[in-house]
Structures are given as C-alpha cells and as structure tokens.
Amino acid sequence: MTSHNEELFEQSQRVIPGGVNSPVRAFRSVGGTPLFFQRGQGAYVWDADDKRYIDYVNSWGPMIVGHCHPGVVKAVQDAAAQGLGFGAPTAAELEIAEELCRILPALEMVRLVSSGTEATMTAIRLARGYTGRSRIIKFEGCYHGHSDGLLVKAGSGALTFGQPSSSGVPAEIASLTTVLDYNDAAGLEKAFAESGDEIAAVIVEPVAGNMNLILPKREFLDAMRRLCTQHGAVLILDEVMSGFRVGLTGAHGHYGIQPDLLTLGKVMGGGLPAAAFGGRADIMKHLAPLGPVYQAGTLSGNPLAVAAGLTTLRLVQAAGFYERLTKLAQDMTEGIAASAKRHGIAFSAQSIGSMFGLYFGATVPTSYAEIMACDKQAFNRFFHAMLNEGVYLAPSAFEAGFVSAAHTDADIEATIAAADKVFAGWK
Ligand SMILES: *Cc1c(COP(=O)(O)O)cnc(C)c1O
C-alpha cells in the first residue's frame, strides 16, 4: 500500500523547496518522510494515511486548549462572518490589548503583529531607536525568529563579533550581534564590562524552548536585569513560546523578572497568525505614529486571529487550568524517565508548566553545550518508535514538547506505556 504521506511529500518537493514551508517540518533532523496532517481534534491529529497520533507538538505551541476547541472555532466563524479584515482598528483589538496588559506584569502598552519573527525584529528596532545604540546580545541556542540580526552564531573566541548562521545574512549585520552562552552570568557580566555603553538590548528566551527545554538559572536572570538597568540597555524577554505556556503570566511572571520589552506569539494567536510586543510605555511611545521608530502591518490585528487569540486567552484563565497542565506534563516526564531507568537507558526529563523536555543523557542539561552532548541518534530512534506507537513528538532532539488541556490522564498513561514498550526493546 502506498502512503499518502509519501505521495504528498514527493509531489510537494516539486513545487515547494524541500516540500515544506518551514524547515524543521521536513524531518531532516530525524530522517524519514514528514507526516502530512489532515485534521486535528482535541489532543489528537490524523495524518494523510488516517493514522491517529497523540499530539505533543501542538502546532509548535499554540494549541494549548487542543485542536478545534469549539469555543475557538465558533469565535473564528463569528468573526469571519463579520468581515475578514479592514486594515483599520477594531474593538476586538482593543479588547485583546487590554486583556494582555491586565494579565501580564510586563505590559503597559502592546502592539499586535502577525508573527513572532515580526515581534522580535521590531522589539530590537525599538530598543535601538530608544537607546540610540546598535549592538545587541543574544544567547547560543535561543531562537528569536528569522530576521537577519538574529540568525547569528558565536564567532570564534568569547566576545568576538557574531557570525551569520544563515547564508544571505550580511556579515556586517551579524557583527552587530554578540552571542553569549545561555545561563552564563559571568559571560554576560564580562560583555557589559567591555562594551556596556554600546549595547542597545539583550534578547533572551527566559525559559529556553528552542534547544529542547533549558531552564534559566536564577543568577543568570538576575544578572541580566541588573546589568541592563545599570548600563541603560533594554531587556527583551522573548516569550513567543513560553508566554501562556509556563503559566498564565509566562516565564517573567513565574520567575518574577520584569523585562523592558516582551514579545509574544504562538498561544496568544490561538493557532492563527497573531503575535505582539509590548512593555514599558515610555519605550513603546517611541513607535510610529507617536515616535520615530517605524513599524506597520497590513494584517496586524487581523479579526480572525484576534478572535482565536482572545478566546484562547479567556479559556486559559479557567480555575486550575495551569495546575492541571503542570501535573500532566510532570506525570508524563516522570513516567517516561522511570521507564528509561528500569531499562537502564541514559535518559532524563523535566517540565515547567505545560512545556517539557526529554533528553538522552543521564542528567538534565542546563546549557547549550550540555544539550549538544545528548545522544541525538538515540532521540531519533525514539522519535520514530514513538511515531510508530501513535505518539507525535517534535521531529528534532532540540525542541521542547507541549501538553494541552485536551490531553487526558489516559493519554498520558498511553504515552508512558508506548515509551515503556519502546524502551523494553531498546538494546
Ligand atoms: C517560534 C518562536 C519565534 C518565532 O515566531 P514565528 O511566529 O515562527 O515567526 C520567536 N521566538 C521564540 C522564542 C519562538 O519560540
């Protein structure tokens, strides 16, 4: 029997580079044929061959209330019936802006955009406009979307200029980005000591989810806040992934660290293209039309995306919502880790809120170097074996996983049982 996934992938590669519209979808990291999905419902997705999977990718984060939540679907349908877009302000945009500012300690003002990439790119432009400085600091392993100045990796030797991590990014632009080690407070201290008065912004994932899941050290977060304040740099917490995932108030609420600017995406769009950046009003007032920093978007605040986002934001405020997700993620990671231990496999796992990390290494990694030292081949084998058992994990060893409110205890038990079966036949 030929697989529809394979046929579709074959055909797609003729008209779409690599057959996909975002590279990690191509399964290059894990090998094999990417799944084409035809539908999702609650915690499940069905591929083109009609095979069902328990979904821990959640569309890379947004689907925190599960696929096709009736409330979200209805809100989008109702909005669509009123008009797909106007390129003019709507009351719903005011409503979601007020809701975001009310929930999140970081936000005094907020602007809506359509993708996380746009949010971080603009936050950096705003920080540069506000400070009149050019240099930014980012951390190896953090992902902030694909704008030129953020597709940068560390140069050789500490504190040399960053180098493009993608072809097409001019070295001149990359050289304005300093790339440091995540969780290395001393490295950050040193960078500020050497060029503190040139630094416009530090951008960071306060819980890192794009190199698998890495939790921040307290001293790292504290150093970052203190140094930015001391040197007049803008602290940008990129919570496109961790926002409404770590908990209702994101990582900045969880750890009690106040950014100057915050970026959001994924969950806040409820599965449709909505993202945002915001923070201190005195900085946000530098944006056009109030100030000289330009930013715009034809689809910004799109009514359908706002409807999906606003409805999702209301749903996540239900009593006990995050407590339940936190327990589901904990139960699952503990269950899988216990199974690995029984079978003598070097494995560790952790979770925070609804985000989790699985590692083929004996101890939970706390740095980029430690995550890179995990056994990638073992992950790839595990990924395919779990897929075979009907469990869809992110197709890369360097991505965090997500549970949703649609996952049940039975789903978690089935996932642990699948892992146990895989580990039993591991040797
Ligand atoms: C996904 C992500 C982005 C980019 O968002 P897009 O909507 O894919 O452009 C930026 N930052 C972080 C932390 C992300 O996880």
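Points 7 angstrom from Cα along the Cβ direction at residue 38 and residue 153: gap in nanometres?
4.0 nm
Could you state the accessible area per residue of segment 255-401 in Å², with a 1.4 Å probe and every protein chain left in place?
38 Å²
Show me, for segment 409-423, the HN-Hα J-couplings you get by feeding each phi into the Karplus relation (A = 6.51, B = -1.76, C = 1.60, θ = phi - 60°), rounded to Hz, glycine and proline as x.
4, 5, 5, 5, 4, 5, 5, 5, 4, 5, 4, 4, 5, 4, 5
If I stretch the segment between residue 186 and residue 299 completely, what's the gain in nm (0.36 nm per residue apart, minus their alpha carbon distance), one decimal?
Contour length minus Cα-Cα distance gives 36.5 nm.
Taking θ as phi - 60°, what are the ³J(HN,Hα) couplings along segment 315-326 by the Karplus curve (6.51, -1.76, 1.60), each to the nearest whole Hz, with x for Gly and Pro?
For segment 315-326, the Karplus-derived couplings read 5, 6, 8, 4, 4, x, 4, 6, 4, 5, 5, 4 Hz, x marking Gly and Pro.
All other residues with a Cβ under 12 Å from the Cβ of residue 66 taken together, and with Lys, Arg as +1 and Asp, Glu as -1, what is their net charge? Before the final figure, lay out the partial values.
Values: positive: none; negative: 55, 411.
Combined, the nearby Lys, Arg, Asp and Glu give -2.
Determine how large the accessible area of residue 326 is when every protein chain is in place; take a 1.4 Å probe and give Å² rounded to the nearest 10.
The value for residue 326 is about 40 Å².
Which value in deg cm²/dmol, rounded to the nearest 500, describes the helix-derived mean residue ellipticity at 222 nm for the chain, given -39,500 (n - 2.57) per DSSP H run of n ≥ 4 and division by the residue count? The partial results should precede the final answer.
Values: 14 runs with 162 residues, N = 427.
Helices in the chain give a 222 nm mean residue ellipticity of -11500 deg cm²/dmol.
Within segment 270-301, list the residues whose amide N lies under 19 Å from a label point set 7 Å along Cα→Cβ of residue 16.
From segment 270-301, the list is 271-274.
For segment 70-315, which whole percent of the accessible surface, found with a 1.4 angstrom probe, sits on carbon and sulfur atoms?
On the way: 5410 of 9560 Å².
On segment 70-315, the fraction of accessible area on carbon and sulfur atoms equals 57 percent.
Compute the label zone of residue 88 within segment 287-305: residues whose backbone N is under 20 Å from the point 7 Å along Cα-to-Cβ.
Output list for this probe position: 289, 296-305.
Please compute the per residue accessible area over segment 57-179 with all protein chains in place, 1.4 Å probe, rounded to a whole number of Å².
That works out to 46 Å² per residue.
Under a cut-off of 22 Å between alpha-carbon atoms, report the lysines in cross-link reach of residue 341, not counting same-chain residues fewer than 8 places apart.
Here the lysines satisfying the reach criterion relative to residue 341 are 327, 376, 421, 427.
Contour minus end-to-end for residue 51 and residue 6, with contour as 0.36 nm per residue of separation and end-to-end as the Cα-Cα distance?
Contour length minus Cα-Cα distance gives 14.8 nm.
Using the beta-carbon distance between residue 98 and residue 172 and R0 = 41 Å, what value does 1/(1 + (r/R0)^6) give for FRET efficiency, to the nearest 0.05?
Once the sixth-power term is evaluated, E becomes 0.50.
Gaussian network model of the chain, Cα springs within a sub-10 Å range: biggest mean-square fluctuation belongs to which of 181, 47, 55?
Greatest mean-square fluctuation among the candidates belongs to 47.
Counting only other residues whose beta carbon sits under 9 Å from that of residue 214, what net charge do I get with K and R as +1, D and E as -1?
-2
Looking at segment 70-315, how many pairs of lysines come closer than 29 Å at the Cα, when each pair is eight or more places apart or spans two chains?
The number of close lysine pairs in segment 70-315 is 12.
At residue 424 and residue 341, where each label point lies 7 Å from the Cα along Cα→Cβ, what is the point-to-point distance in nanometres?
Each label point lies 7 Å from its Cα, and together they span 2.0 nm.
Between residue 410 and residue 282, 0.36 nm times their residue separation minus their Cα-Cα distance comes to what?
So the extension gain works out to 41.2 nm.
Cut-off 10 angstrom, C-alpha nodes, Gaussian network model of the chain. Which of 115, 354, 29 fluctuates the most?
Of 115, 354, 29, the Gaussian network model singles out 29 as fluctuating most.
Expressed as a fraction of 2.2 N^0.38 Å, the rule-of-thumb size for a compact globular protein of N residues, what is the C-alpha radius of gyration of the chain?
So the Cα radius of gyration is 0.97 times the expected 2.2 N^0.38 Å.
Could you give the distance between the Cα centres of segment 133-150 and segment 351-427, to the whole Å?
28 Å
The values are calculated or read from the model by the stated rules, or taken from the named source; none is laboratory data. These numbers come from a predicted model, not from an experiment. All Cβ positions, even for glycine, are placed from backbone atoms using ideal geometry, and neighbour counts span all protein chains on display. These accessible areas exclude ligands, DNA and RNA; they are computed on the full protein's heavy atoms, side chains included. Shrake-Rupley method; radii C 1.70, N 1.55, O 1.52, S 1.80 Å.
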